[in-house]
Structures are given as C-alpha cells and as structure tokens.
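**Q** I am attaching a structure below and will ask some questions about it afterwards.
The values are calculated or read from the model by the stated rules, or taken from the named source; none is laboratory data. Note that this is a predicted model, so its numbers are computed, not measured. In this analysis, Cβ positions are derived from the backbone assuming ideal geometry, glycine residues included, and neighbour counts consider all displayed protein chains. The accessibility values were calculated without ligands, DNA or RNA, using every heavy atom of the protein model including side chains. Shrake-Rupley method; radii C 1.70, N 1.55, O 1.52, S 1.80 Å.
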Amino acid sequence: MYTLRQLVHKVRVKIPSHYIRMSSGEIQNESSPAQDGGDATVPDKKPAGKEEILAELQKRGYDVVTVDHPEVFTVEAMMPHVEHLPGPALKNFFLYAKKKKEMIWLMATRFDREVNLSKVAKVVGAPGGFRFAGEDLMIEKIGVGQGCVTPLALYNDKQGAVKLILDKDIIDGRHERVFCHPLVNTATTGLKPEDLVKFMEETGHAPTWIDFTSL
C-alpha cells in the first residue's frame, strides 16, 4: 500500500507540504486550529491590573504604600479616604487633540489644581485644543476605565501612543509622596515623587512639565 506522500510523488501531483499530516496521512490546512491543541491563535496579552503593577514596582525596588478604600470615581470622592496621607493625591485627565485624534495625552496634576485646558493645549501643541477621551479609548490605550486613570496605567501603553503631562509641583513641591490609583479605583498608592518620574521614564513616558502657577 502506498503512503499518501508516496502516492503524491508517484502521480506527480503537487500538494503543498503543509497540507500533509505525516502522522496519519490526514489532510489538514496548518492554518486551521490544531485538533488536539485548541485555538492556535495567541491572544493579546491582558493589560496589567493592580496586582501586576504593584508587583512590578516592587520588583524594580520602589518604595510604595497602598491604601484600600471604597470604589471612587472622582478625586473629590477619593479625598476623604486619603487626606490623612503624607502628600497630594493626583487628579488625572485623559485627552486627545480635537483635530488630530491620534494625538493622546494623560495629564496628572495636584488634586486641588485649577486647570485651563485651552492653555495647556497650546503649550503641548494639541491641534484644535483638547477633548476628553471616552472610556473605549482609555481601555484600548492604557487598559483602564472611568475612575481608574492614573500615570501608572502608562505601563500598559507598550506602543508609546500616549504622552504624559505632569504638574511641576509633583517634583518641586518637596512632597514626601504623591498618590494615585494602582490601576483600580478601590485603592490609592503612594510613591516618592522622584520614583514616580523615574518609573514613567522607564516605561518610555518622559513627562512634559507644566508650571500651572504661571500658566
């Protein structure tokens, strides 16, 4: 009895080798999911969450403190849970340029900072000014949703699609720590200001500094 490969050779019919399964003589397109191995497609890596980002910070040697609290969606709602901590909480904005939607920024300021977005847009060169990004774009680019935006989420921006703007007071204010969400809005994490900046630089997100007192 001829094997499938011998038969193909004998009758000189050209069948691509990736259609011939040697173990049983069974014909199968290798682009199809393997019957014994499930879906051959490798899924996209899941974005980091709280446990992953805290483990990453610890692995890199950063000194962090984390306080758990009820779910909050605004900095005002967060403050009763963190106002006793030694340093300012950060208020975060996820923005894109009105006339060039692929230009995206994450901006973090002191919790009590009054922000004129039109002036900031001019400083960073956002065509047409800023618009607030929707949750779909947040999840796509930094892996978090409403209420969870934080500079730490830029760890998920492996493509460098998002630019970072930081309040100059973060580094100039002589704070013991600055506080932001660890990718969830049920906890707040504090880092030394210089450590936050170093971590941002390590992720490829060197900040643009804004002095809001003179803007």
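**Q** Tell me whether the stretch 175-183 contains one or more residues that are at pLDDT 95 or above, open to solvent by 80 Å² or more (accessible area, probe 1.4 Å) and part of a loop (DSSP other than H, G, I, E, B).
**A** Yes, the stretch 175-183 contains at least one residue that is at pLDDT 95 or above, open to solvent by 80 Å² or more (accessible area, probe 1.4 Å) and part of a loop (DSSP other than H, G, I, E, B).
**Q** Residue 90 fails exactly one of the following numbered conditions: (1) modelled with pLDDT under 95; (2) closer than 13 Å to residue 179 by Cβ. What is the number of that condition?
**A** In the conditions (1) modelled with pLDDT under 95; (2) closer than 13 Å to residue 179 by Cβ, residue 90 misses (1) alone.
**Q** Another one. Using the structure shown, decide if residue 97 is crowded, with 16+ Cβ neighbours inside 10 Å and over 15 Å from the mean Cα position of the chain (by Cα).
**A** Details: crowded, with 16+ Cβ neighbours inside 10 Å: yes; over 15 Å from the mean Cα position of the chain (by Cα): yes.
So residue 97 fits the description; yes.
**Q** Name the single residue that is most open to solvent (accessible area, probe 1.4 Å) among those in the stretch 120-145 being more than 22 Å from residue 46 (Cα to Cα) and without any contact (Cβ under 8 Å) to a residue 12 or more places away in the chain. It would help to see each step written out before you state the result.
**A** Just the residues of the stretch 120-145 that are more than 22 Å from residue 46 (Cα to Cα), to begin with: 120-132.
Going one step further and asking which of them are without any contact (Cβ under 8 Å) to a residue 12 or more places away in the chain, we end up with 122, 125.
Working: 122: 171, 125: 43 Å².
Ranking the candidates gives 122 first.
**Q** Could you tell me whether the stretch 146-157 includes any residue that is at pLDDT below 95 and surrounded by fewer than 14 Cβ atoms within 10 Å (Cβ to Cβ)?
**A** Of the residues in the stretch 146-157, the ones at pLDDT below 95 are 146-147.
In the following step, the residues that additionally are surrounded by fewer than 14 Cβ atoms within 10 Å (Cβ to Cβ) were identified as 146.
There is at least one residue in the stretch 146-157 that is at pLDDT below 95 and surrounded by fewer than 14 Cβ atoms within 10 Å (Cβ to Cβ).
**Q** Name the residue that is surrounded by the most Cβ atoms within 10 Å (Cβ to Cβ), counting only residues in the stretch 158-173 that are part of a helix (DSSP H, G or I) and without any contact (Cβ under 8 Å) to a residue 40 or more places away in the chain.
**A** If we filter the stretch 158-173 for residues that are part of a helix (DSSP H, G or I), which is where we start, we get 169-172.
Okay, now just the ones that are also without any contact (Cβ under 8 Å) to a residue 40 or more places away in the chain, so 171-172.
Numbers: 171: 16, 172: 12.
Checking each candidate, the answer is 171.
**Q** Could you list, in sequence order, all residues of the stretch 68-79 that are in contact with a strand residue (DSSP E or B) (Cβ under 8 Å, 6 or more places away or on another chain) and open to solvent by 40 Å² or more (accessible area, probe 1.4 Å)?
**A** Taking the stretch 68-79 and keeping what is in contact with a strand residue (DSSP E or B) (Cβ under 8 Å, 6 or more places away or on another chain), we get 68-69, 75, 78-79.
Residue satisfying the conditions is 68 alone.
**Q** Scan (1) over 27 Å from residue 140 (Cβ atoms); (2) at pLDDT below 95 for the single condition residue 116 breaks and write down its number.
**A** Failing condition for residue 116: (2).
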